[in-house]
Amino acid sequence: MSPERGPPRVLAVVVPGLPLQRVLRTRPPAGALAVVSEGAVRHATAPALAAGVRPGDSLVQARAACAGLEAVPLDDAADRAALRALAEALLSLSPVVEVSHPDAVLLDAAGARLAGSEPEAAERSLAERALGLCRDMGFQGRLAVADGKGVALALARHAGRERTRAAPGEGARALAPLPLDTLDLPAEVARWLSAVGVERVGALAALPAETLAHRFGTPGVAAARLARGVDPRPLVPFAPETFPHERWDLDGEVGVLTSAEPVLFAAKRLADRVAARLAGRGLGASRLRLTLFLDPRGEERVDLPLARPGADAGLWLAPLRERLAGLRLPAPVCALDLAVVEAAEIPAEQLAVGDRPEVARALDVALSRLTARLGERSLFAAESADRHRPEAAYRTTPFRRGGAGRGAGSGDGALEPPPARPTRLLDPARPVVALGEGGRLTSLRIDGTARAVVSLAGPERLAGEWWNEPFDRDYYRARLEGLGEAWIYRDGRDGRLWLHGLFD
């Protein structure tokens, strides 16, 4: 028999005052500022608090205490998006991440990708790296590691320390001195416990579980178990649905754009955050878009094709400088947004003896600068083609560092494996509409839904003879957001696209 598994070890990352932190991470340091909802102050910066503004004050009271107070409305949708952005970056530390609204992200501490073998050392290392990623993403977080997500969340939110660790089996002891409202209890259970004088989690843990079960049923049993440090609920995996983008407001920082440096300085901050989010998903950007918002109106878009997909923000700044160098704008820049337009999976690379990664990095920068200055069609590789005329016996292919792909008869003479086939064929095939701009395919519309193309491989030509149901098709293997790997073909007779199968 296999040994019984203990409760899951969970790391909870909490962002205190998320609505305020979300505003501050997208702009220069603020003075007196408050986040307001329904005419009342919810959160306030240190200068506002020093001036006498308090959470719960009406906006009229707050402005009477601080005449220069800037009021920002609460935006639940933006807060949720900011929490998902943090979760996306934290995917680089653990294969399973859960978004726990309104202010927390949960990680599977046992499955974290760490080199340390000692559990305590590994958890401390995970906590350090998680806090570092929080800072990189513009947040100040608090975290706790404990048995189960309910225990970890309660400790992270209410223990009052930047880092808290409850050793395996010690969750009840860590929770005992905390007030009862630490636990996320059903309202009926919380009211009854308050009425009978139960004020601490330790007092709740001392109550007979049968009493709570008899009075409240399943919620009472769950409350008793949580107070005893037992929470077997699994994490609900988070899966990002869109490509990342980040925004920065330049209020008062940039006048008429006579130099690219102020924008590049702000773009670097955004690039670091976008790269962290891509790295969490194992993706690399192959095309970026920087949108410059002008004051009082208008915008300028700067597309940045990259020679090779990557998640290294340092490689993006040199080609971005090339694009901005000759830019002349009619008005000041008040904000900028950096978005990933196209991305692809990055395969893991194993360095060999004698490899020089700094040379490869310099080549990537040079190729991206050439692409940015001369246009993406100017960079290509040539491979042999079966044509009789020598000057025409080649065809252009996308450039890949390390050379073009080799066929079965090149190099070591090894045979290529047979092409992959989908595990599920669709009968009949579904029609597909290609969407894009500037001649580039960016998404496919299937059954009325547009799905971004993450990667595209092919074509593979398949054709039938005239005596046996003739057909002429070019097949592509496409990875689509929200759908996964798909088998798409273009009909050679009329040029229409069809979805023919899916790879599970």
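Looking only at the stretch 292-318, how many residues end up being assigned to a helix (DSSP H, G or I) and modelled with pLDDT of 85 or more?
Of the residues in the stretch 292-318, 4 are assigned to a helix (DSSP H, G or I) and modelled with pLDDT of 85 or more.
Would you point out which residue out of VAL198, VAL145 is of a type in the set (A, V, I, L, M, F, W, C) and in contact (Cβ under 8 Å) with a residue 24 or more places away in the chain?
VAL145
Are there any pairs, at least 6 apart or on different chains, whose C-beta atoms fall under 9 Å, with the first in the stretch 30-49 and within 17 Å of LEU18 (Cβ to Cβ) and the second among the β-branched types (Val, Ile, Thr) and assigned to a loop (DSSP other than H, G, I, E, B), and if so, which?
If the second residue must be among the β-branched types (Val, Ile, Thr) and assigned to a loop (DSSP other than H, G, I, E, B), the pairs left are ALA30/THR45; LEU33/THR45; ALA34/THR45; ALA34/VAL53; VAL41/VAL53; ALA44/VAL53; THR45/VAL53.
Which count do you get for residues in the stretch 164-187 that are open to solvent by 50 Å² or more (accessible area, probe 1.4 Å), touching a helix residue (DSSP H, G or I) at 6+ places or on another chain (Cβ under 9 Å) and at pLDDT below 85?
3
Mind telling me which of the residues GLU98, GLU123, GLU70, GLU88 ends up being in contact (Cβ under 8 Å) with a residue 24 or more places away in the chain and touching a helix residue (DSSP H, G or I) at 6+ places or on another chain (Cβ under 6 Å)?
Among GLU98, GLU123, GLU70, GLU88, only GLU88 is in contact (Cβ under 8 Å) with a residue 24 or more places away in the chain and touching a helix residue (DSSP H, G or I) at 6+ places or on another chain (Cβ under 6 Å).
Which of the residues belonging to the stretch 89-108 are crowded, with 20+ Cβ neighbours inside 10 Å and at pLDDT below 90?
Answer for the stretch 89-108, where residues must be crowded, with 20+ Cβ neighbours inside 10 Å and at pLDDT below 90: there is none.
Restricting to the stretch 318-349, what's the tally of residues that are touching a residue at least 40 places away in the same chain (Cβ under 8 Å), more than 18 Å from the chain's Cα centre (by Cα), open to solvent by 20 Å² or more (accessible area, probe 1.4 Å) and under 27 Å from LEU456 (Cβ atoms)?
Residues in the stretch 318-349 being touching a residue at least 40 places away in the same chain (Cβ under 8 Å), more than 18 Å from the chain's Cα centre (by Cα), open to solvent by 20 Å² or more (accessible area, probe 1.4 Å) and under 27 Å from LEU456 (Cβ atoms): 3 in total.
On the basis of being closer than 25 Å to LEU441 by Cβ and modelled with pLDDT under 80, does LEU338 make the cut?
For LEU338, the condition - closer than 25 Å to LEU441 by Cβ and modelled with pLDDT under 80 - is not met.
Would a scan of the stretch 8-20 turn up a residue that is more than 28 Å from ALA339 (Cβ to Cβ), out of contact with any Leu (no Cβ under 9 Å at 6 or more places or on another chain) and buried (at least 18 other Cβ atoms within 10 Å of the Cβ)?
Yes, that holds for at least one residue.
The values are calculated or read from the model by the stated rules, or taken from the named source; none is laboratory data. Treat the numbers as computed from the prediction; the structure is a model and nothing was measured. Every residue, glycine as well, gets a Cβ built from its backbone with ideal geometry; the counts of neighbours run over all protein chains shown. Keep in mind that these areas ignore ligands, DNA and RNA; they rest on the heavy atoms of the full protein, side chains included. Shrake-Rupley method; radii C 1.70, N 1.55, O 1.52, S 1.80 Å.
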